[in-house]
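What follows is a single structure, written as structure tokens, with notes after it.
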Amino acid sequence: MAASWNAKTTADEVAKYLSSEIKNKNVLITGASLGSLGGEAARVVAKYGNLVILAGRNQEKLDQTVASIKAESPDANLRTVVLDLTSFASVKAAAATVNTWTEPIHVLINNAAVTPLKDLTLTDDVESQFYGNFLAHFLFTNLILGRIKAAASADFSPRVVIVSSAAHAISPVRFEDYNFKDGSYNKFVAYAQSKTADILFSVELTKRYAKDGILSFSLHPGSIWTAGSLTLKEDLIQIGVLDKDGNVQAGAEEFKSLPAGAATHIVAAFDPSITGQSGAYLADCKVRNEIVAPHAVDPESAVKLWALAEKLVGQTFA
Ligand SMILES: NC(=O)c1ccc[n+]([C@@H]2O[C@H](COP(=O)([O-])OP(=O)(O)OC[C@H]3O[C@@H](n4cnc5c(N)ncnc54)[C@H](OP(=O)(O)O)[C@@H]3O)[C@@H](O)[C@H]2O)c1
């Protein structure tokens with residue numbers, strides 16, 4: 001990790017520095033739409049990597065990302081797979097497709113997130129953000145684990161990178177009421193619950209699959225204006241994070257550019273200096289375990305969440 005990396009460092013700068021690590025690697029990124037953090041991460045990995053697999057819910061959007069990356073890197077080796085995180089059937093179909101491909105997956109970046117909805121919405125009887133952001137990725141990751149294990153060797157440990165958010169601090173996983181049956185639903189709290197689940201998932205992945213040489217990292221990318229965050233602008237004004245003109249208020253995190261927002265993805269995916277810190281939480285291109293809420297790294301909660309996830313997806317994993 002370069003000592004000078006910070007909140008302004010761009011994904012391009014990190015990828016250039018780590019280009020020899022990215023070389024020959026196959027990477028799968030969920031939620032790789034143009035203008036999103038996943039799309040930006042895919043763009044820079046495609047410059048140096050062997051294969052980038054773009055997973056998203058909409059083939060047209062995936063084609064747009066491919067066209068844009070190809071315009072910049074004509075020789076990029078890109079592949080797409082449709083993956084809709086609001087449907088376990090779609091997740092299983094996507095995983096089945098990935099499993100037909102012979103290449104090992106060196107890095108999986110679980111980056112996609114569903115749109116936070118104003119009113120409580122259930123997907124297959126589960127709160128939609130808990131389902132889309134966490135459960136669907138839990139299922140997808142475990143179903144393609146064979147391809148990830150296949151990338152492990154004496155001198156390389158595959159990585160599962162999980163894009164969480166600093167918002168995780170707002171809520172633990174509500175084990176007794178993850179569906180907000182108590183009537184307290186609030187889209188920020190539901191988002192926070194799903195993002196805490198993401199970090200706990202990384203903690204448990206680290207523990208379970210260390211024997212297979214697999215590493216996992218979770219991260220907060222920063223605050224970046226993207227299609228997803230723009231849907232929250234009015235709410236952020238209402239709760240005082242932004243003033244009425246959209247300026248960041250004192251004490252709130254400054255917004256980053258898209259290239260800076262995707263930089264931590266690249267550090268978590270490729271930086272060899274963090275290999276010995278599997279399970280770590282990153283922000284601003286650095287390991288920042290000291291800023292994680294204790295509820296998001298509690299080992300007992302991580303075990304409990306894994307069991308709950310297996311129950312909800314209807315499948316157990318070793
Ligand atoms: N931006 C921020 O300030 C910020 C802060 C903290 C954490 N994050 C996290 O960073 C990650 C990337 O967010 P972003 O800001 O880049 O948001 P974004 O621009 O809205 O991108 C989200 C991606 O997820 C995809 N997605 C949405 N619903 C999906 C579904 N049902 N199935 C499959 N894919 C789906 C989107 O596809 P479509 O284009 O088809 O909608 C898009 O590719 C998320 O995990 C988010 O929680 C972002």
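Two tests apply to each whole DSSP H helix in the chain, Cα reach of 30 Å or more along its axis and mean Kyte-Doolittle hydropathy of at least -0.5, and the ones passing both are 187-209.
FRET efficiency for residue 119 and residue 303, Cβ-Cβ distance as r, R0 = 41 Å, nearest 0.05? Spell out each step's value before the answer.
Numbers: r = 32 Å, r/R0 = 0.78.
Between residue 119 and residue 303 the formula returns 0.80.
Ranking of 63, 182 by neighbouring Cβ atoms within 10 Å, starting from the fewest: 182, 63. Label-to-label distance for residue 68 and residue 288 is 2.5 nm, based on points extended 7 Å past Cα in the beta-carbon direction.
Each Lys or Arg adds one and each Asp or Glu takes one away; over the other residues whose Cβ falls under 10 Å from the Cβ of residue 278, this sums to +2. Mean residue ellipticity at 222 nm, helices only, the chain: -11000 deg cm²/dmol; runs of at least 4 DSSP H residues each add -39,500 (n - 2.57), and the sum is divided by the number of residues.
Within the straight-line cut-off of under 17 Å between alpha carbons, the aspartates and glutamates reachable from residue 187 are 119, 125, 127, 177, 198, 234, 235, sequence neighbours fewer than 8 places apart in one chain being disregarded.
By how many nm would the segment from residue 233 to residue 60 lengthen if fully extended, with 0.36 nm per residue of separation less the alpha-carbon distance? All intermediate terms of the calculation are to be shown ahead of the outcome.
Values: separation 173, 0.36 × 173 = 62.28 nm, distance 2.64 nm.
Computed gain between residue 233 and residue 60 is 59.6 nm.
Excluding residues on the same chain fewer than 8 positions from residue 25, give the aspartates and glutamates whose Cα lies under 12 Å from its Cα. Straight-distance partners of residue 25: 103.
If R0 is 45 Å, the Cβ-Cβ spacing of residue 24 and residue 182 corresponds to a FRET efficiency of close to 0.35.
Among 135-142, 70-77, 88-95, 188-195, what's the highest-first ranking by average C-beta atoms within 10 angstrom per residue? Could you put the intermediate results ahead of the total?
Values: 135-142: 25.6, 70-77: 12.2, 88-95: 18.5, 188-195: 23.4.
Highest mean packing first, the order is 135-142, 188-195, 88-95, 70-77.
Taking a ≥ b ≥ c as the square roots of the eigenvalues of the Cα gyration tensor of segment 168-318, is the shape rounded (a/c under 1.5), prolate (a/b larger than b/c) or oblate? Oblate, because a/c is 1.5 or more while a/b does not exceed b/c. For segment 198-318, the number of Lys pairs with C-alpha atoms closer than 20 Å, counting only pairs eight or more positions apart or on separate chains, is 6.
Just order 99-105, 210-216 by mean Cβ neighbour count inside 10 Å, highest at the front, would you? Let's see the in-between values first.
Numbers: 99-105: 14.4, 210-216: 17.6.
For the peptides 99-105, 210-216, the packing ranking is 210-216, 99-105.
Here the Debye sum runs over all C-alpha atoms of the chain as equal scatterers in vacuum, and log10 of I(q)/I(0) at q = 0.07, 0.11 Å⁻¹ comes out as -0.24, -0.62. Ratio of Rg to Rh for segment 1-150: 0.99 [Cα atoms; Kirkwood radius as inverse mean 1/r over pairs].
A short reminder: the numbers here are calculations on the coordinates, not readings from a lab. What you see is a predicted model, and the numbers here were worked out from it, not measured in a lab. In this analysis, Cβ positions are derived from the backbone assuming ideal geometry, glycine residues included, and neighbour counts consider all displayed protein chains.
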